[in-house]
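Data block below; observations after.
The values are calculated or read from the model by the stated rules, or taken from the named source; none is laboratory data. Note that the coordinates shown come from a computational prediction; the quantities given were computed from them, not determined experimentally. Neighbour counts run over all protein chains shown; Cβ positions are idealised from the backbone, glycine included. These area figures cover heavy atoms from the full protein model, side chains too; ligands, DNA and RNA do not enter into them. Shrake-Rupley method; radii C 1.70, N 1.55, O 1.52, S 1.80 Å.
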Amino acid sequence: MMNGPEAENEQTIGEATYLRLRADIIACRLAPGQKLKLEPLRETYGVGVSTLREILNRLASEDLVVAEGQKGFVVAPATAADLREIADLRLLLESHALQLSFRRGDLEWEGRVVAAHYKLATIEKQLLAGEAKQTSDWVRYDFAFHNALISACGSKALLDLHAAIFDRFLRYHMLAVSFRGVGVVDDHKAMFELALSRNIDGALAMLASHVNRGVEHVLATGRLSTQA
């Protein structure tokens, strides 16, 4: 049994590999339904089989991976029903956090919201102009903006849970490989203005519309039709 610095190094490597594998699933570099064979994963990620099993079981607990008994592991499939379920859960969590954050937010919170929206608006302007091609350039700032909006909610558990669900929602946008365009830009601008004016009712209505239009956009790409 390892102990001391050697054990700590193994834990650090395992955590880094977990984050890398998780990111590859969310970015769809590992496609929905793809079999996760241990030997190829060992060669790609450079960790032992036992560490990989622990990581895959951890990802299975997050519903990003499915354990198939003796058959091994596969990346969680992407379906319309799952997308809608995740969207509903995201709305439930984010709406609650939004209300708490709007009530408790101070000047520091407003500063975070302003900074996050500026960065998001900048990348969206580039996307609309055709200067940025990768959806991944946008999704990072999209999450940062939504996270800033709820960052004053006062609950780390709520923020962590929301982030996990947001990542699962994000995977569908990465699968769609498509930016929604002017509509999403307008949504974010409206959310920004509603946040600064502390308009809770308006923000909740906009959030629901924003998420639901995102779902319909992903479905309209047809990318889920073969992901049953």
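Here are some notes:
- Residues located in region 207-224, provided they are closer than 23 Å to Ile150 by Cβ and open to solvent by less than 50 Å² (accessible area, probe 1.4 Å): Leu207, Ala208, Ser209, His210, Val211, Gly214, Val215, His217, Val218
- Test: Ala152 is of a type in the set (Gly, Ala, Ser), farther than 21 Å from Phe169 by Cβ and surrounded by 13 or more Cβ atoms within 10 Å (Cβ to Cβ): yes
- Residues of region 174-206 that turn out to be crowded, with 18+ Cβ neighbours inside 10 Å, outside any helix (DSSP H, G or I) and among the charged types (D, E, K, R), as a count: 1
- Pairs are defined by a Cβ separation below 7 Å, a sequence spacing of at least 6 or placement on different chains, a first member in region 46-65 that is at positive phi, and a second member that is open to solvent by less than 30 Å² (accessible area, probe 1.4 Å); the pairs so defined are Asp63/Ala76.
- Summed over region 78-103, the residues that are of a type in the set (Gly, Ala, Ser) and either open to solvent by 70 Å² or more (accessible area, probe 1.4 Å) or within 22 Å of Val177 (Cα to Cα) (or both) give a count of 4.
- Qualifying positions in region 13-29 - open to solvent by less than 20 Å² (accessible area, probe 1.4 Å) and under 15 Å from Ser136 (Cβ atoms): Ile25, Ile26
- Positions within region 159-173 being open to solvent by less than 20 Å² (accessible area, probe 1.4 Å), of a type outside the set (Val, Ile, Thr) and more than 21 Å from Leu127 (Cα to Cα), in sequence order: His162, Phe166
- Region 104-141: number of residues that are charged (D, E, K, R), surrounded by 17 or more Cβ atoms within 10 Å (Cβ to Cβ) and touching a residue at least 40 places away in the same chain (Cβ under 8 Å): 1
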